[in-house]
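S.K.: Let me give you the structure first, and then I'll get to my questions.
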Amino acid sequence: MNSTAALSQLRHAKSAMLRWREYAHQHMVSGVVVGSKGTPVEPTQCEFGKWFHGSGAEMLGHIPQFCAIRDTHSTLYEVHKQIHHHLLSDELEYAKQQWKHFTHLFHQMLDAIIALEKDLEQQIRPQTVA
């Protein structure tokens, strides 16, 4: 595995995930339905998901921290679908409650991505002899 390439791709995918979250948040705040046009509603459709299930899995799929992200990412999208449903049903209060859960999951996933990032950085740094 090329740790430098994996780290670069992970950072790019993380940035895409942060943009997606901001886009979803803007729609949530405005009460606009998400998913109809620019926001993927399946975990394999977003830029992060495409990388995660594609080249990310090929390069990092053997690392437990990488595998742990999968379930959180899928659950995040399930909650996103619930928010979408509540917005379609004009149930803004329920959507707001789900948004809190979404935010918690998002930060959990982001923490896991950052931990994986740090592990890859450690692999790249030359080992110094004490």
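All of the numbers you see were taken from the coordinates with simple rules; none came from a lab. Remember, predicted model here, so these are calculated numbers, not experimental data.
S.K.: D for segment 62-130, whole µm²/s, Stokes-Einstein with Kirkwood Rh over alpha-carbon pairs at 10 °C and 1.306 mPa s: what number?
M.R.: 114
S.K.: Next up: Can you give me the convex hull volume of the Cα atoms of the chain, divided per residue and expressed in Å³?
M.R.: 99
S.K.: Once amide H atoms are built 1.01 Å from N in the peptide plane, which residues 5 or more positions from Cys46, or in another chain, come under 5 Å H to H?
M.R.: It is none; the list stays empty.
S.K.: Now for a separate question. Go ahead and estimate [θ] at 222 nm for the chain from helices alone: -39,500 (n - 2.57) per DSSP H run with n ≥ 4, summed, over the residue count, rounded to 500.
M.R.: About -25000 deg cm²/dmol.
S.K.: Here's something else I'd like to know. I want to check a number: in the chain, how many lysine pairs have alpha carbons closer than 16 Å, given a sequence separation of 8 or more or different chains?
M.R.: 5
S.K.: If contacts are Cα pairs under 8 angstrom and at least 6 residues apart, what is the relative contact order of the chain in percent?
M.R.: Rounded, it is 33 percent for the chain.
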